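These notes are about the structure you will find just below.
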Amino acid sequence: MIRLALFQPDIPQNAGAMMRLAACMGVPLDLIEPCGFPFDDQRVRRAGMDYIDHLEIVRHASWDRFREFGSGRLVLLTTAGDVTHADFNFAPDDRILVGRESAGVPPEIHRQADARVRIPMRASVRSINVAQAAAIGIAEALRQTGQLPQ
Ligand SMILES: C[S@@+](CC[C@H](N)C(=O)[O-])C[C@H]1O[C@@H](n2cnc3c(N)ncnc32)[C@H](O)[C@@H]1O
């Protein structure tokens, strides 16, 4: 099934919001550490941990550990994507990867992704909040693959 992967999240409220998104949509979540805050930070809990009992979460100590885990294409959401989320053909076991709010993902991780997907924006702005970008990408992936919760 579709999974959501967070690359070294740096803002606890965003991580909490994405945990809540994953719980509500029934999407397993991969947390690629290190995080920029303690995992049990109160701000994470406030934004999403109430939903922890409804969430399937796997914590990975590093990028390399994450790469050893699971299968399915790695689909990076990035402002530098060559295809839009609406035109991209998602597969049922894709892993949707989002970057850090402050800096996205480093170039080597950009290169390792199987696909780079962009959410179209107006030219005058820089980027969408990471949790909102995740919601747009996950919703489209679930819609296309018939995995939206009933
Ligand atoms: C605030 S952005 C990072 C901005 C960073 N300065 C950069 O250029 O990558 C945080 C994350 O949100 C996602 N994101 C934000 N806007 C996006 C867009 N228009 N299309 C695809 N992903 C986006 C990406 O995963 C990105 O790594």
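The values are calculated or read from the model by the stated rules, or taken from the named source; none is laboratory data. Remember, predicted model here, so these are calculated numbers, not experimental data. Using ideal geometry, Cβ is built from the backbone for each residue, glycine included, and neighbour counts are taken over all protein chains shown. Ligands, DNA and RNA are stripped out before the accessible areas are found, and what is left, the full protein with its side chains, is counted by its heavy atoms. Shrake-Rupley method; radii C 1.70, N 1.55, O 1.52, S 1.80 Å.
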TODO: Among the candidates 65, 73, single out the residue that is open to solvent by 80 Å² or more (accessible area, probe 1.4 Å), under 17 Å from residue 134 (Cβ atoms) and at pLDDT 95 or above.
DONE: 73
TODO: Go through the stretch 13-30 and give me each residue that's within 8 Å of residue 47 (Cβ to Cβ), open to solvent by less than 10 Å² (accessible area, probe 1.4 Å) and not hydrophobic (A, V, I, L, M, F, W, C).
DONE: 16
Open item on the list: Considering only residues that are among the charged types (D, E, K, R) and closer than 17 Å to residue 27 by Cβ, which ones fall in the stretch 103-150?
Closed with: 140, 143
Task: Selected residue (criterion: farthest from residue 81 (Cα to Cα)) from residues of the stretch 97-150 that are within 6 Å of the ligand (Cβ to nearest atom) and outside any loop (DSSP other than H, G, I, E, B) - done: 130
